[in-house]
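The values are calculated or read from the model by the stated rules, or taken from the named source; none is laboratory data. Here the structure is a predicted model, which means the values were calculated and not measured. So basically every Cβ, Gly included, is an ideal-geometry build from the backbone, and we count neighbours across all protein chains shown.
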Amino acid sequence: KQPDDLTIFAGIDLAIGKRSRNAYFAYAVIGVDLKTGDVCVIDGYKGRIPFNEQLKAAKRIHRHHHPRLIVPEANAYQAAFTESLRTDPDTRRLPLRPHNTQGDKHARLRGLAPLFEVGAIRLPRSDAAWVEQLEEELLGFPDGTLDLMDALWLALQGVEMQRVEPRISFAEDL
C-alpha cells in the first residue's frame, strides 16, 4: 500500500514524431516518502503522440497529481516543450524544471537497478499498460525502448533538485 503523505514529482521524456521508428513520449509520476526516501511509482504513460497531446499530458499530470516539480527533458528541440507551457496563460505557473541529460544513457539508467533491488522504488500491483511497459523496459535493459525508465530517472532528478536548492520564504508568506 502506498503511504498517504507522499511528495509528488514527475519526469517527462519527450519525443518527436509518431512513426514506428521514432522514440516514445513517456512520463512517470512518483511519490516520495520524505522521511524514509522510499519511492512509489504512481502513474505513467508511454506512447507516440503529437506535440500538442504531449503538452496536454503535462497539464493532466499537474491537474491529477499536483507535483512539487515536473522535470521535462530539455535537450535540443525539447526546450520548445517548456517554452510552450510557459507562454500558455493556463500553464505558465506549472512547477517546471527542465533538465538537460548528458553522457551515456545506459550508464545513467543502470543506476536505477540497485534502487529496485533494495526496494527503494516500488511499482503498484496494477493492470495498467504503463506498469507492464515499465516492467518490460526494466527486465529487458539495456535492449529495447527505455522511455519510461528515462522518465522515471527524470522524476528522480526532481527529488535531487528539491534537496539541494534552497527555498526562500518571505515573512508575509508565513
Among (1) of a type in the set (Phe, Trp, Tyr); (2) under 14 Å from Ile12 (Cα atoms); (3) part of a helix (DSSP H, G or I) - the single one Tyr45 does not satisfy: (3)
Could you tell me whether Arg86 is modelled with pLDDT under 90, surrounded by 10 or more Cβ atoms within 10 Å (Cβ to Cβ) and not in a loop (DSSP other than H, G, I, E, B)? no
Filter region 22-47 down to the residues that are closer than 21 Å to Phe81 by Cα and modelled with pLDDT under 95 and list them by number. Asn22, Ala23, Tyr24
Subset of region 94-128 [surrounded by 10 or more Cβ atoms within 10 Å (Cβ to Cβ) and in contact with a Lys or Arg (Cβ under 9 Å, 6 or more places away or on another chain)]: Leu94, Pro95, Leu96, Thr101, Phe116
Selection count, region 115-174, where residues are in a helix (DSSP H, G or I), polar (S, T, N, Q) and at pLDDT below 90: 1
